[in-house]
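The values are calculated or read from the model by the stated rules, or taken from the named source; none is laboratory data. A quick note: this is a predicted structure, and the numbers were derived from the prediction, not measured. Please note: Cβ atoms are built from the backbone with ideal geometry, for glycine as well, and neighbour counts cover all protein chains shown. Accessible surface areas use protein heavy atoms only, side chains included; no ligands, DNA or RNA. Shrake-Rupley method; radii C 1.70, N 1.55, O 1.52, S 1.80 Å.
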Amino acid sequence: MAMPARRAAKRGRVAPKFPKVAAGELRTLLDFVRYAVSRFIEAKLVFAHGTTDPVAEAAFLVCETLHLHPDQFETFATARVTAAEAKQILELIARRVATRKPAAYLVNKIYMRGLPFYVDERVIVPRSFIGELLDQHFGGESPEDGGSLMSYPGSVESVLDLCTGSGCLAVLAARAFPQASIDAVDISKDALDVAARNVADYGLEERVILHRGDLFKPLGDKRYDLIISNPPYVDARGMAELPRECRAEPRLAFDGGADGLDIVSRILQQAGRHLTPQGGLLCEIGRCRPALEAAYPQTDFLWLETEESDGEVFWITAADL
């Protein structure tokens, strides 16, 4: 029996009615980006998965269809696409609107610090600020090199990535600290399968070791020069208000409990036992700063800024823990 159109629309099963595009009307990469932006705005899509606005997301999808790195968009912006490529681009735009899935899931790729990583629905789409902070504050051999959070970042020999997800931060840490061994932990087997693929793609199987378990449990009494973590930190209100795009991602990767601090608090309580004396913890907590400072009023957190964030990542030394 056919479902009434109104009922089907409520369930999201009716394909979006896009303006018909005649052959040759859209010619260049810019033409398709403009068209996609119009459709995305019209559909009221949410952008929070590696791209933060409809223009960036449209350019990302166009480039991925054409097998171009995002940095190459400006070079080819006025280049024409073939009829076959145009069909693929339009189909991808329609899928983004119809499914409301994150664009990264549609193309199985996301970029962090300019590097491509494989992603699918088994992992949260990575969009951590920690990669940028590794470049900003751990790039030199000593504090005199500018802005270093550690006395001698060049001497880092061991790094732990908690809640590694797709493994992208573990890979970035391996590149930032070429002499270090990296342990990466996640409770999800599915996530670790994705992480293993990314680690292998960068030839880091001997340096990045994946562990399945609950935070520090699979690590015994091992200590690290640096612990990094982008754990689940969305509070109950945020979980109830997640946009449709985010609901396509694993709930486990978001849910931080009533105040968002369930996992973060456990990390803080245990991290001191797993850091070397000169080590420290770099942890991303989104918008939970007020709740964290209220819960730990005597703790000396250093809040860090990035190009797109302020007060969403903290640094704390082993001594302060």
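Pairs are defined by a Cβ separation below 9 Å, a sequence spacing of at least 6 or placement on different chains, a first member in region 295-309 that is farther than 19 Å from D259 by Cα and open to solvent by less than 100 Å² (accessible area, probe 1.4 Å), and a second member that is part of a loop (DSSP other than H, G, I, E, B) and hydrophobic (A, V, I, L, M, F, W, C); the pairs so defined are L302/L149; L304/F129; L304/L149; T306/F129; S309/F129.
Conditions (1) touching a strand residue (DSSP E or B) at 6+ places or on another chain (Cβ under 7 Å); (2) part of a loop (DSSP other than H, G, I, E, B), marked per residue:
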{"site": "L160", "(1), (2)": "yes, no"}
{"site": "S166", "(1), (2)": "yes, yes"}
{"site": "L172", "(1), (2)": "yes, no"}
{"site": "A184", "(1), (2)": "yes, no"}
{"site": "L192", "(1), (2)": "yes, no"}
{"site": "N198", "(1), (2)": "yes, no"}
{"site": "E205", "(1), (2)": "no, yes"}
{"site": "I209", "(1), (2)": "yes, no"}
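Just one of the listed residues (L162, L115, L169, L106) is surrounded by fewer than 21 Cβ atoms within 10 Å (Cβ to Cβ), in contact with a helix residue (DSSP H, G or I) (Cβ under 7 Å, 6 or more places away or on another chain) and touching a residue at least 40 places away in the same chain (Cβ under 8 Å), and it is L106.
Can you give me the ranges of the helices (runs of 4 or more DSSP H) entirely in region 58-119 with at least 1 residues that are of a type in the set (K, R) and within 28 Å of D193 (Cα to Cα)?
83-99
Just to verify a result, which residue in region 23-45, among those that are outside any helix (DSSP H, G or I) and open to solvent by less than 50 Å² (accessible area, probe 1.4 Å), is modelled with the lowest pLDDT? Ranking the candidates gives G24 first. Filtering region 212-258 to residues that are closer than 25 Å to A170 by Cβ, of a type outside the set (D, E, K, R) and outside any loop (DSSP other than H, G, I, E, B) leaves P218, L219, Y224, L226, I227, I228, S229, V234, C246, L252, A253.
Residues in region 196-206 that are open to solvent by 60 Å² or more (accessible area, probe 1.4 Å) and more than 20 Å from the chain's Cα centre (by Cα) were compared, and the one that is farthest from Y118 (Cα to Cα) is E206.
One residue alone among G238, G220, G256 is more than 21 Å from L149 (Cβ to Cβ), of a type in the set (G, A, S) and surrounded by fewer than 15 Cβ atoms within 10 Å (Cβ to Cβ), and that residue is G220.
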